[in-house]
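Each reported figure results from applying straightforward, stated rules to the coordinates on display, with no laboratory input. It should be emphasised that the depicted structure is a prediction, and the values quoted were computed from it without experimental measurement. With ideal geometry, Cβ positions are generated from the backbone for all residues, glycine too; neighbour counts draw on all protein chains shown.
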Amino acid sequence: QVQLVESGGGLVKPGGSLRLSCTASGFTFTDYYMSWIRQAPGKGLEWVSYITSSYTYTNYADSVKGRFTISRDNAKKSLYLQMNSLRADDTAVYYCARGGGSTVTVPPDYWGQGTLVTVSS
Amino acid sequence: QSALTQPASVSGSPGQSIAISCTGTSSDLGAYDYVSWYQQHPGKAPKLMIYDVSNRPSGVSNRFSGSKSGNTASLTISGLQAEDEADYYCSSYTTSSTRIFGGGTKLTVL
């Protein structure tokens, strides 16, 4: 069965950095693009970033562009999100999600349970 | 890019049908047939219910259906059941090769 397990969340001060990880199992990791999607407390979903299966293409929401970097290690079946210059409005549960296939137009079909990032002094 | 527009809440009685609308622009909903819908119960991860406007993933009840006209998409749930009470989000691929979500709709089963 498909499993996505996020880790790395926690409390960080404004301006600080954090690296999120997501470990995948139950499917052929290299067949899928991967995404990060976040949800602020009590708010809706916000797409953050995706990376294609062969690392060839990444894209970011304007709200995180230049501050966040998505990456993946296909050998370790892992997805990462390096978050720098964190702000209070980055506070959210961050979900790792499997793309619906190798094509980025297919929506994410499996999501992890999320990891909470809190940015506060 | 602004979020897709959804009603904040809808409600219906068991057995009834309800529809949730999702309005976007020519840069997202109107550009492609890449509209999807997610269901999210409190404290849980979202679950994909509809993709490419009207397709259901394996295991999703046929009580859920989707449609689109121009810049507006709709999710219809027929034969409402108590377990359908949840938040629902629409999503679309965009002409900027990004993904956008709606603000979410809380469905209450009376």
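Just a yes or no: is a residue in segment B:51-68 in a strand (DSSP E or B), touching a residue at least 60 places away in the same chain (Cβ under 8 Å) and in contact with a Lys or Arg (Cβ under 8 Å, 6 or more places away or on another chain)?
no
Could you grab me the full set of residues in segment A:1-19 that are assigned to a loop (DSSP other than H, G, I, E, B), within 17 Å of A:T118 (Cβ to Cβ) and not basic (K, R)?
If the condition is that a residue be assigned to a loop (DSSP other than H, G, I, E, B), within 17 Å of A:T118 (Cβ to Cβ) and not basic (K, R), then A:G8, A:G9, A:P14, A:G15, A:G16, A:S17 are the ones that fit.
State all residues of segment A:42-60 that are more than 12 Å from every other protein chain (Cβ to nearest Cβ) and more than 13 Å from A:L81 (Cβ to Cβ); if no residue qualifies, say none.
Within segment A:42-60, A:S53, A:S54, A:Y55, A:T56 qualify.
If I go through segment B:51-85 residue by residue, how many of them are within 13 Å of B:G12 (Cβ to Cβ) and among the small types (G, A, S)?
3
So which residues in segment A:20-63 are assigned to a loop (DSSP other than H, G, I, E, B) and of a type in the set (V, I, T), if there are any at all?
Once the filter is applied, which keeps residues that are assigned to a loop (DSSP other than H, G, I, E, B) and of a type in the set (V, I, T), segment A:20-63 yields A:T28, A:T52, A:T56.
What about B:S69, is it surrounded by fewer than 19 Cβ atoms within 10 Å (Cβ to Cβ), on the phi > 0 side of the Ramachandran plot and of a type in the set (S, T, N, Q)?
No, not satisfied.
Out of A:Q39, A:Q1, I need the residue that is more than 15 Å from the chain's Cα centre (by Cα), within 14 Å of chain B (Cβ to nearest Cβ) and in contact (Cβ under 8 Å) with a residue 24 or more places away in the chain. Which one?
Testing whether each residue is more than 15 Å from the chain's Cα centre (by Cα), within 14 Å of chain B (Cβ to nearest Cβ) and in contact (Cβ under 8 Å) with a residue 24 or more places away in the chain leaves just A:Q1.
Given (1) surrounded by fewer than 20 Cβ atoms within 10 Å (Cβ to Cβ); (2) more than 14 Å from chain A (Cβ to nearest Cβ); (3) part of a loop (DSSP other than H, G, I, E, B), identify the lone condition not met by B:L80.
Of the numbered conditions (1) surrounded by fewer than 20 Cβ atoms within 10 Å (Cβ to Cβ); (2) more than 14 Å from chain A (Cβ to nearest Cβ); (3) part of a loop (DSSP other than H, G, I, E, B), the odd one out for B:L80 is (1).
Out of segment B:4-50, which residues are within 9 Å of chain A (Cβ to nearest Cβ), part of a loop (DSSP other than H, G, I, E, B), crowded, with 17+ Cβ neighbours inside 10 Å and touching a residue at least 12 places away in the same chain (Cβ under 8 Å)?
Those that are within 9 Å of chain A (Cβ to nearest Cβ), part of a loop (DSSP other than H, G, I, E, B), crowded, with 17+ Cβ neighbours inside 10 Å and touching a residue at least 12 places away in the same chain (Cβ under 8 Å): B:Q6, B:Y34, B:P46.
Any residue at all in segment A:72-79 that's within 12 Å of chain B (Cβ to nearest Cβ) and surrounded by 15 or more Cβ atoms within 10 Å (Cβ to Cβ)?
Scanning segment A:72-79 turns up no residue that is within 12 Å of chain B (Cβ to nearest Cβ) and surrounded by 15 or more Cβ atoms within 10 Å (Cβ to Cβ).
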